[in-house]
Amino acid sequence: MPKQYDKIISKLQKRPLSHNEFLSLLSEVAGLFGESASELEIIKGSGIPLVFAHDKVYFRPSLTPIKSESFCIIDIETNGHNPLIHRPIEIGAIKFHNYRNF
């Protein structure tokens, strides 16, 4: 978990935060882009288990059984290693849920 979010996580562990309060805290730690909107996308994508519902932000660090998870495995083949001159030539993806592929 990124260190700059410790203050936010600490507060969320005690109680849910209103969306505005969450964004206010986020703007205090906004680092990479300096904007809370961009920082919000970063925190959502960083794997921190947040739930946004009913104008509140909840911290939900529960474990989900692997049989209940969904996975998408992607394989991209290219015709070389230099992205300036080589291109993808094949893309494959498979989705798994409950140990079955779709």
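Computed from the coordinates by the stated procedures, all read-outs in this text should not be read as laboratory data. If you're wondering where the values come from, they're calculated on a predicted model, not measured in any experiment. FYI the Cβ positions are ideal-geometry reconstructions off the backbone, even for glycines, and counts take in every protein chain you see.
What to note about this one:
- For the cross-link pairs 14/67; 44/67; 56/95; 7/44, the ones whose C-alpha atoms lie over 26 Å apart are 14/67; 56/95.
- When +1 charges are put on Lys and Arg Cβ atoms and -1 charges on Asp and Glu Cβ atoms, the dipole computed for the chain relative to its Cα centre reaches about 500 debye.
- The residues neighbouring residue 71, those whose beta-carbon lies less than 12 Å from its own, together hold a net charge of +2 under the Lys/Arg +1, Asp/Glu -1 convention.
- Mean Kyte hydropathy of 0.5 or more with a Cα span along the axis of at least 27 Å, helices from DSSP in the chain: none
- Given [x] 16.7; [y] 12.9; [z] 22.8, the label whose value is Kirkwood radius over Cα pairs in Å derived from this model: [x]
- Taking 0.36 nm per residue of separation and subtracting the Cα-Cα distance, full extension of the segment from residue 46 to residue 101 would add 17.2 nm.
- Projecting label points 7 angstrom from Cα along Cα→Cβ for residue 29 and residue 70 puts them 2.8 nm apart.
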